[in-house]
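What follows is a set of notes on a single structure, which appears directly below.
The values are calculated or read from the model by the stated rules, or taken from the named source; none is laboratory data. Everything numeric in this text was worked out from a predicted model, so none of it was measured. Here the Cβ positions follow ideal geometry from the backbone for every residue, glycine too, while neighbour counts run over all protein chains shown. Side chains included, ligands, DNA and RNA excluded: accessible areas come from the protein's heavy atoms. Shrake-Rupley method; radii C 1.70, N 1.55, O 1.52, S 1.80 Å.
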Amino acid sequence: MASDDLADDSVKRQILKDTLYDEIKQHGSETRLFSQKDLLDLNIIPNNNVLLLVRIVQGLCDDKLLVGTTNHHAGLAWRWRSREEAKKYTSLPNDETVMVYSIIDEAGADGIWNRTIKNKLNMHEAVVKNCIKFLETKGYIASMKNVEHPNKKMYIKATLRPSERATGGPWFTEGELDTAFISELEGIVFEYIKTKSSYRGSHPPPGGAASSSAGTTKLPKRGTVTGGDTMARGMKRAATEISTDDTSAASTRGNSTTTTTTTNSKARAVFLPMPAGYKHYPTVAEMAKFIHDTGITNNTTLGEADIQQLVDVLTYDGLIEPVRVGRRCGYRVTRAMKQDTVPFHRRQKEREEGIGLDLPLVPGAEPLSNGLTEAPCGGCPVFELCEEGGPVSPSNCVYFLRWLELEDLPKAVAPNVALPP
């Protein structure tokens, strides 16, 4: 009679275990933590019997279907594990292998270092190696590369895909930073922003307007000199000098008109900034949609967060700047009139054909520079010794010759072109 009661109890407990486990799965994912109150609120345990709940939960933990953990808010809590994964735990030969597999399981998609496993479990290195070898043979775990720790032997569950933190996301290929892929995408994003935040126009070259105005300016015809040499001021000019004013002015106007016409005919194409109040500067969402629709990245999927990283790099380099209009945050190029009118992809093709190899293939306008900042004197390592007659002087400065690209000149000529200090 007692044996029948025990059999009935075991059957009832098994039914409660299965029912409670199925109910837990329906009320949350594998990452959700269930406290004691949460389990009682499922209304599976009769009369909210806490002792019976403890026995049922302990049975599920023994079957590896529940995993106990500590929650800072609710204290002791549990999360469920799939039956397929539980079978892997129950098939392991000893407790050491179970602990090694469990700690790799807890590491998740980031993986874990083999030395970290040894230190956390306080096991002998040989025991850890044997457990890892057994798990790899069974196909339960696999080795992986982590871009943050390229020289460390990392392990992950074979059924998991390494996280972007471990693989580096779309910017890494086989654990190596894909600089060519990043540079090409930066150029594409920059060209998209440039064409959407500016428009093509024409601009006369420097000096065109000045030459036109100079042609219409008449020279003074008064007989007294009003400018030029101070010694000649207040002195009368000869009649022959005054009579040539009209001829020289006419010739100057004629030459100026011809020059102006020629100059205006050679007005160069430029990008012009959008007028004030423009509200349709491209956003990160629009850039991500453009790249997705064009299929530039092939099998690599880029989200808005990935495109935002490229945009941030261009912003930090000073190539673009954010423009906020209301709640819309768009971007525009800086120094629009200085941008190259040849598209970035066309310049790439030209380089493949051997054209423009001496110019850097980078997006954006040429950096601002002037003679004072480019002169070698600012960073000269022997600046304190530089003086005429000393061991180093401007007349024999190798840095000046290199800066002026005069290194190949004969020694008899090179010193004569060096600049003074």
Members of the range 322-349 that are of a type in the set (A, V, I, L, M, F, W, C) and either open to solvent by 30 Å² or more (accessible area, probe 1.4 Å) or farther than 19 Å from P367 by Cα (or both): V323, V325, C329, M337, V342
Which one of the conditions (1) open to solvent by less than 80 Å² (accessible area, probe 1.4 Å); (2) assigned to a helix (DSSP H, G or I); (3) in contact (Cβ under 8 Å) with a residue 12 or more places away in the chain does W78 fail to meet, given that it meets all the rest? (2)
Might you check whether a residue that is modelled with pLDDT of 85 or more and not small (G, A, S) occurs anywhere in the range 336-358? no
Residue count, the range 23-36 (criterion: open to solvent by 70 Å² or more (accessible area, probe 1.4 Å) and more than 15 Å from T69 (Cα to Cα)): 3
Helices (runs of 4 or more DSSP H) (entirely within the range 146-227) containing at least 3 residues that are among the hydrophobic types (A, V, I, L, M, F, W, C) and at pLDDT 85 or above: 179-197
Which condition number does G389 fail, the rest of (1) under 43 Å from the mean Cα position of the chain (by Cα); (2) open to solvent by 70 Å² or more (accessible area, probe 1.4 Å) being met? (1)
Please determine whether any residue of the range 367-380 is under 30 Å from A276 (Cβ atoms), aliphatic (A, V, I, L, M) and surrounded by 16 or more Cβ atoms within 10 Å (Cβ to Cβ). no
Looking at the range 24-62, which of its residues are more than 11 Å from W80 (Cβ to Cβ), part of a loop (DSSP other than H, G, I, E, B) and among the acidic types (D, E)? D41
Condition check: under 27 Å from D317 (Cα atoms), open to solvent by less than 60 Å² (accessible area, probe 1.4 Å) and modelled with pLDDT of 80 or more. Does C397 satisfy that? no
Among the residues of the range 277-307, count how many are open to solvent by less than 70 Å² (accessible area, probe 1.4 Å) and either in contact with an Asp or Glu (Cβ under 8 Å, 6 or more places away or on another chain) or farther than 21 Å from A180 by Cα (or both). 9
Residues being open to solvent by 40 Å² or more (accessible area, probe 1.4 Å), in contact with a Phe, Trp or Tyr (Cβ under 9 Å, 6 or more places away or on another chain) and farther than 23 Å from G277 by Cβ: count how many of those fall in the range 308-321. 1
Pairs, first over 22 Å from V147 (Cα atoms) in the range 176-194, second open to solvent by 60 Å² or more (accessible area, probe 1.4 Å) and part of a helix (DSSP H, G or I), C-beta under 9 Å, six or more apart: G187/H345; I188/F290; I188/T294; I188/H345; V189/F290; E191/H345; Y192/E286; Y192/F290
Listed by range, helices (runs of 4 or more DSSP H) wholly within the range 81-143 having at least 2 residues that are open to solvent by 30 Å² or more (accessible area, probe 1.4 Å) and over 30 Å from E23 (Cα atoms) are 114-121, 125-138
For the range 156-172, give me each residue that is without any contact (Cβ under 8 Å) to a residue 24 or more places away in the chain, under 21 Å from the mean Cα position of the chain (by Cα) and either on the phi > 0 side of the Ramachandran plot or open to solvent by 70 Å² or more (accessible area, probe 1.4 Å) (or both). E164, G168
